[in-house]
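Below: the structure, in structure tokens.
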Amino acid sequence: MIFDTTTRALQSAGLEAHDLDGIVLSGNDEIDGRVISIMPSTGPAGGVDRDTTMIASSGDHALIYGYLRLKAGQGKNVLVVGWAKPSESVDPNRAELMAAEPYLLRQVGMNNTIAAALQASTWVSPADVHISNATTAWPLEKEDLPGRGDSVHAAVLAVDGEFTAGEELAWIVDTGWSTVSYEIGTRDLGDLSALRFATEQIARRSPDAAPERWDAVEIGGDSEYTVQAVRRTLSVRENAEINASGSLQEQLTSPHVAGLGRMLAAIRAVGKSADNGDGAHGGRIVAGVGFNGYAGQGASVMVFSNSKGATA
């Protein structure tokens, strides 16, 4: 899966593995069912004799790291790969339990679904939600949760002038990320603080890339309730497209790489024509949002444009 996906990504950019200045991989040992995920993924991603880095926190962090690498002058291009193969791992709930109790494996009653339900419950009252026999964890139904499956996402980033003019899929305007307290019992789960901090970073540096200027946003949330909460938290424009690529349930990808998948969906959405009114620099602005950790502990935002003039 990794070889096929990265090969197609490189071919679409007119590159081969030996042309790369670096590779950034993202995997998760517990979910992948392997020890040290970089070991089985380096070879098929073309990383032999290449500068290769593993980002274990999340796939969207890998994309941000690749971008920062280029901003720091470490090469002219970089391949970013996020992957997960839960079909070959232990029960995902067991892997998530390890994340909740990293020292001794105990039945502490926590996983991504439970954390998402606890968070969603802060945004509703019992009278707001009809409880049916299909309820997964109140107030969540199965359709509210991300789909899960084996997946690989790959993207090639390059500095200005490295791609053939006119063939760029999107320009990166800016990015921001933040992480708040791990302890879900010590923070307001309904307050998406990490997301606010991440977007404030962008707004300070690039005012034209602030949420009120977004034409569309792709959100990889913990539940559909999170998706709606993002709109309220960030004051996204009323007519902005939200998750035009599909619902969370339709995104059959592991939570570890869901944010990267949404950011790549945002890149694809940049190419769509749109009436952006008084949009910045005459360009279309689309943002990708990813979360990591229980109940939105960490958030990442990357803003893209179809206009070079809108880039930072």
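The values are calculated or read from the model by the stated rules, or taken from the named source; none is laboratory data. Nothing here was measured: the structure is a model prediction, and the numbers come from that model. Here Cβ is always computed from backbone atoms with ideal geometry, including for glycine, and neighbour counts include all displayed protein chains. SASA here: full protein model, heavy atoms, side chains in, ligands and nucleic acids out. Shrake-Rupley method; radii C 1.70, N 1.55, O 1.52, S 1.80 Å.
Here are the numbers for this structure:
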{"item": "Selected residue [over 22 Å from the mean Cα position of the chain (by Cα) and either under 30 Å from S41 (Cβ atoms) or among the charged types (D, E, K, R) (or both)] from R213, R205, R196, R187", "result": "R187"}
{"item": "Verdict on S193 being modelled with pLDDT of 95 or more, of a type in the set (S, T, Y) and surrounded by fewer than 19 Cβ atoms within 10 Å (Cβ to Cβ)", "result": "yes"}
{"item": "Residue within the range 79-91 that is in contact with a His (Cβ under 6 Å, 6 or more places away or on another chain) and either modelled with pLDDT under 95 or outside any helix (DSSP H, G or I) (or both) present", "result": "yes"}
{"item": "Qualifying residue in the range 96-109 (condition: in contact (Cβ under 8 Å) with a residue 40 or more places away in the chain and open to solvent by less than 10 Å² (accessible area, probe 1.4 Å))", "result": "no"}
{"item": "Residues of the range 246-257 that turn out to be open to solvent by 20 Å² or more (accessible area, probe 1.4 Å) and under 11 Å from the mean Cα position of the chain (by Cα), as a count", "result": "1"}
{"item": "Options V180, V217, V173; residue that is touching a Gly at 6+ places or on another chain (Cβ under 8 Å) and within 30 Å of G14 (Cα to Cα)", "result": "V217"}
{"item": "Single residue of the range 77-95 satisfying the filter (open to solvent by less than 20 Å² (accessible area, probe 1.4 Å) and not aliphatic (A, V, I, L, M)) that is nearest to V156 (Cα to Cα)", "result": "N77"}
{"item": "Options A244, A258, A265, A229; residue that is over 22 Å from Y294 (Cβ atoms), among the aliphatic types (A, V, I, L, M) and not in a loop (DSSP other than H, G, I, E, B)", "result": "A265"}
{"item": "Count - residues of the range 172-190 that are modelled with pLDDT under 95 and aromatic (F, W, Y)", "result": "1"}
{"item": "Matching option when the condition is over 26 Å from A99 (Cα atoms) and touching a residue at least 24 places away in the same chain (Cβ under 8 Å), among F163, F197", "result": "F163"}
